[in-house]
Each structure stands twice: as structure tokens, then as C-alpha cells.
Amino acid sequence: MLSTIKKLIDFLDSRARTRLALLLAPMLVMAVIEMASIGLILPVIHIALLGQTDGPFTKTLLAYLPDMPAAQLVIWVCGIFGALFVIKNLLLLVLIHVVNRVVYAESARFTTRLYEIYIARPLIFHLHRNSADILRNLNSGCGLAFEAVRRGLMITLDGLMMLAAFGLLLMVEPVMTLVIAIGLVVIGGAFHKLSSPVFYFWGARIMELEGRLIRWINQSLATIRDVKLTHAYEQFGRRFMEFSGRRAQFAARAGTAMHMPRLLVETVVVVGFLGVVLVLLDVKQTPGEVVAVLGVYGMAALRLMPSLNRVLTGAAELRERTAYVDELHRDLMEGRTDSERGAAGAAVNADPFRRDIRLVDITYSYPDAIHHAVHNVSVTIARGESVGFVGASGAGKTTIVDIVLGLLSPQSGQLLIDGLDAFDDLPSWQRRVGYVPQEAQLVDDTLRRNIAFAVEDSDIDDDRITEIIGLARLDGVVARLPDGLSSVLGEGGARLSGGEKQRVAIARALYRDPQVLVFDEATSALDAETEREISAAIESLAGERTILIIAHRLSTVRNCNKLVFMKEGRIVDAAPFDDLVRDQPEFRQLAQSLDPINKETNRTTA
């Protein structure tokens, strides 16, 4: 439990910790008011029911009231008792609202902070972490974790009010109160000790199954065409029900067990109250004394039962949510150490590179991989040069390009830009690079915002967008869309064809006027005619910009200044297309297998 509390504290920044700490003062005030409201039951019983004025609490109260007839005194005492209870409950409602407002506001801030940490973590993290787990953590995990914070604060409030009640009872009947208190502590501690591992296990299983559910939903929607074509509705539904049903079983068990503290507390309090009655009848001299003490115990029990119930239930819920807290805390701590968002981004140097990009003895292995993805790779790319990376699948082309982009950090070797290590000021280097992926990833927003990605509306350069639209051959798309550049493209660019989405991705890369353009199979989704148009546009940029292209269609890279031919993570050769066909039999064979359209050309050249 203490470990969980420490982790929850780590979720809070200094501002949040201060705000929550300040809530302790009104909680203490509420505890004092609670003690006074319970204590007033003695004067009410003495004066209104027994007609006595000599009780210890009664004398104290009467010392502050003017002399008045007995009937009027009853009205005053009952009025004070009722008014104090109304005021106490109103203040308690306000305090609960403040606690909720502060906790939920801090939950939103923490969720935003964790989201920023997730998107700032290195690419390798996202390659090995299922997005469903991230969605679960942000969507429900953070809320459940901060519900634990709220529960902790409410446990503190209830604990203080319980202490106030017990403090009053100690003054009235110390021996019996100590016996009852010890009994409640022992029973509550035993319940928590025995139930804690079970609640943790149930919470961990619920968290795991929720992640599987989100993963299954994502997969079924991503393959919706296949699902429909194969009519696999029942199969997918059965698998979904498997995860959903198992989660429901654990949730039902946890939900049922959450009622155990209430039933346990009620049983203990009722039995204890009956014990108090029997003891008082045995030791007290007058019925009036018995009635007065029983009145205080009854009032205290009325307040203790819900508070003690909430304390035990809250402790069980904290334990159930420990699995969420543990995972969020691990992601938070790891994200703080490897986040790519930091001070380096504050001093971005946008000066153009002037000479070359050099990869020097680059070696990289993915986590848990047996072999190197690339090994001792060295190549120089001159400014203004167009370079194609070719080779069979798994040759290391994408890994090399990801290192050039600064998305992967090599285990050994250097990426030098004009002789300076790019990773010493990575944001500066990345600001000069434009990237077009194999599959365009568009957001559900307007065409204008998809092109000027992550740029505020007021800062979007419409003249630049007009220029880019022509270069990316998007004129026809803009004309076809009902609202032109202001048309919303739908989820994943659903209103566009695959080729149109790819052209939007190219426009996005060009918008920031990068000095280096990287195309990762960027024309693979285009038809032959559109590919030729885009390839011509890319070639027109050669000389003005440095261009790196990964391509399986060798026609896309045929006119590059040179091709880097890779095999099993190593560079076999780097030369113009025709030279590779002539000098490298493996490349010649690759060219014939991957690009049948060039078979005749390759045969003639050979």
C-alpha cells in the first residue's frame, strides 16, 4: 500500500502536491466540527429527554447560553444541534466538491503529461509497444489511477472524522471505546491483509483483458474488408465475447467483494453496540446515564459505519488499481529518461547543411534481435544528391533511413552532418528533413491542416500551400472536394483514394521547405501514370534538395545519382543504376525479379 501511495505522489508535480496538501486544513476543521456535532447529542438528551443540566458537556454548553426557562432552553439546544449538523453537512459537501474538482483537474493534467511523454518517446518504444496498451492507459488507466488519489483523500477525511468520533467516545467511556477500537483495527487489518492479494490479482486481470479488448477492436476495424469478405462476424464476435466475458467475471467478483467491508462493519458495529448496552446496564447506576451514553454511542456509530466502510472499501479499490498505478508509474519514469522532448529543442539551429551527410561505421540491432539490422555501414551523401536505397526485404534499408532521420540511435558509429554529430542537436537536424512514409497517415481534419501538419491556423502560409498543391499534383483533388482546402478528409483520409492520400503526404513533407527529402516507398500506392508524375516532380527537386528514396520499384530510383545496394544489413555497393546492373549480378537478378518492366533493359545492359 505504501509503495502504491508513493507512486501516486510521483504522478503529481509540485503544484498539485501543494494543492492537495492544502486540503488537509479544511479536513481537520471538519473533524473538529464532527466531534462537536456528535458531542451535542449529550446536552440534547440531558436537557430535552432527562431534564438534567449537570452533565459535563451540558455544563460547558450552558456556560455560553443566557439564563432562560427550561422549555426555551430545550428549543435553543435542539436548534444549535440541528444548525450545527446542517452547517457541517453543507461544509462537507463543499469540501467533497473541492476534492473532486482538484483531483479531476490534476488527472486531466497528468493524462496530458503522460500523452506528451508517450509521443516523445523514441521510435523503438512505439515499434515494440502495442498501441492498445497506450490507448487503455490514457483512456481509462489515468482516470482509475487518479480515482485512487481521490479515494486516498476521502480515506484521509473519513479517517480524521473517525478519529474525532473515537476521541469523543474516549472522553465519555474510555475502556469500552478502546476495546471497540482495537477490535475494529484488528478486523479491518485482517480483512485488508487477506483480501489485498486477491484484489490486486483481479485488478491486474481486468487491466490485461481491457487491453486485449482494445487490441481486438483495433484489429477487427483495421481488417474490416477481410472480415466482410469472409463473413467472419461470428468468429470475431466469439473472440470479443471471450475477452469481454472474462473481464466481466473478474469485475463481478471485485464488485461483489466491495460490499464485504460494509457488511463486515455493520456486523461488528451492531454486535459492539449490543455489548456496550449490556456493559452499561451492568456498571451504570442510573437509567439516565445509560441513555445518555447510548445516545452518544448511537450517534457515533451512525457516523462511524459509513466512514469505516468507505475506508475499507477505498483501501480495497486502491489495491485493485495497483496494477494500473504500477504500469503508469513505470511508463512515467522511463519516459522521463528517454523522452526526445527536452532542452535540446529549445535552441534549434536551422542553418542549412552545406556539404554532406556521412554515416560512419553505423551498427544497429533491434531489441531482442539475434542479428544486426545494419552492421558497420558507411556511406556519404553529398548535398543536392539523389540517392536510392535498394535491396531485398530485410536488407536494412528502412533502418538506415530511420537513423538518418534521427528516429533510431545507432549502438555504434556516427551520423555526421557537415562533420558534426546530428544526435548532439537532433531537433535542429530534424527540422531540415521532410519525410514521406509508405502509407500516408492522415488526420481526421481539413486538407489544409493535413498539409500544414501541426501548424496553428493563424500561422499557415496559404501561398505556400497553393505552391505545394501544384507540385504534389493535388489540383484535381482540391477541385473535386466540396469545400476545397477546408474539406474534412475523414478518419485516415477516408474521402481520398490511396494515391491521393499519398500525394497529401508528399505535400505535407514539402510544406516546411526541407533541405532533405526522404521517400520511404512513397509511390508504392500510386498508379503508374501518377507515379511517373510524382517521380518527375521528385526529380525536379534534385539538386535543390538532397533526396533519399527507398523503393522496390526500381523505375522510381533509376535516375538517382547513385543507388546504395544493401544485403543482410551491409552495403554491397554504391553506384549509379547501370553500373550496379553491370557489376553486381545479385543486383541484376534483383532488378529482374522486382521490376519486370526493366528486364529487357537490364539484359541489354549486361
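Every number in this text was worked out from the coordinates using simple rules, so none of it is lab data. The structure presented is a predicted model; accordingly, all values stated were derived computationally and were not measured. Here the Cβ is made from the backbone with ideal geometry for all residues, glycine too, and neighbour counts use every protein chain on show.
Table for the structure above
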{"read-out": "Rounded to 5, the percent of DSSP beta bridges in the chain classed as antiparallel", "value": "50"}
{"read-out": "Two-site FRET efficiency, residue 232 against residue 354, from Cβ-Cβ distance with R₀ of 56 Å, rounded to 0.05", "value": "0.50"}
{"read-out": "Given charges at beta-carbon only (K, R positive; D, E negative), |dipole| of the chain in Debye", "value": "1460"}
{"read-out": "In Hz, Karplus ³J(HN,Hα) per residue of region 328-335 (6.51, -1.76, 1.60; θ = phi - 60°; x = Gly, Pro)", "value": "5, 5, 4, 5, 5, 5, 5, x"}
{"read-out": "³J(HN,Hα), Karplus 6.51/-1.76/1.60, whole Hz, each residue of region 446-460, x for Gly, Pro", "value": "6, 4, 4, 6, 5, 6, 8, 4, 6, 10, 4, 3, 5, 9, 6"}
{"read-out": "Partners for residue 397 among aspartates and glutamates (Cα-Cα distance below 14 Å; same-chain residues under 8 apart left out)", "value": "520, 521, 568, 573"}
{"read-out": "Charge-dipole axis of the chain as Lys and Arg at +1 and Asp and Glu at -1 on Cβ define it, positive-most pick from 8, 393, 257", "value": "257"}
{"read-out": "In region 2-338, lysine pairs with alpha-carbon atoms under 28 angstrom apart (chain gap of 8 or more, or interchain)", "value": "4"}
{"read-out": "Label-point gap, in nm, between residue 462 and residue 393 - each point 7 angstrom along Cα→Cβ", "value": "4.6"}
{"read-out": "Top positive-direction residue, dipole computed over region 2-338 with Cβ charges, set 31, 232, 187", "value": "232"}
{"read-out": "Virtual spin-label span in nm between residue 2 and residue 67, 7 Å along Cα→Cβ", "value": "6.0"}
{"read-out": "Residue order, fewest to most beta carbons within 10 Å, for 88, 228, 501", "value": "228, 88, 501"}
{"read-out": "Contour excess over end-to-end distance, with Cα ends at residue 138 and residue 371 and 0.36 nm allotted per residue", "value": "80.4 nm"}
{"read-out": "Long-range amide H partners of residue 573 with built H, under 5 Å", "value": "565"}
{"read-out": "Net charge of Cβ neighbours under 13 Å - reference residue 479; Lys, Arg +1; Asp, Glu -1", "value": "-1"}
{"read-out": "Amide H contacts under 5 Å for residue 418, placed H, 5+ residues apart", "value": "355, 356, 358"}
{"read-out": "Taking 378, 37, 220 and counting other C-beta atoms within 10 Å, the order from fewest to most", "value": "378, 220, 37"}
{"read-out": "FRET efficiency estimate (nearest 0.05) - Cβ-Cβ, residue 13 to residue 471, R0 35 angstrom", "value": "0.20"}
{"read-out": "Additional length obtainable on full extension of the chain from residue 94 to residue 263, 0.36 nm per residue less Cα span", "value": "58.0 nm"}
{"read-out": "Contact order normalised by residue count of the chain, Cα under 8 Å, 6+ apart, percent", "value": "14"}
{"read-out": "Under Karplus coefficients 6.51, -1.76 and 1.60, residue-wise ³J(HN,Hα) of region 70-84 in Hz, glycine/proline x", "value": "4, 4, 5, 5, 4, 5, 5, 5, 5, x, 4, 4, x, 5, 5"}
{"read-out": "Cα-centred dipole magnitude for region 437-513, charges only on beta-carbon of K, R (+1) and D, E (-1), debye, nearest 20", "value": "360"}
{"read-out": "Amide H contacts under 5 Å for residue 408, placed H, 5+ residues apart", "value": "403"}
{"read-out": "Sequence of 269, 374 once ranked by neighbouring C-beta atoms within 10 Å, starting from the fewest", "value": "269, 374"}
{"read-out": "Region 411-510: relative contact order in percent, alpha carbon pairs under 8 Å with at least 6 residues between", "value": "39"}
{"read-out": "Separation of the residue 24 and residue 439 label points, Cα + 7 Å toward Cβ, nm", "value": "5.2"}
{"read-out": "Matching label, P(r) over Cα pairs in 10 Å bins from 0, in percent computed from the structure shown, candidates [x] 4, 19, 31, 28, 15, 4, 1, 0; [y] 3, 12, 17, 17, 14, 11, 8, 7, 6, 3, 1, 0, 0; [z] 3, 15, 23, 21, 17, 11, 6, 3, 1", "value": "[y]"}
{"read-out": "Cα pair count fraction exceeding 19 Å, expressed as % - region 335-494", "value": "66"}
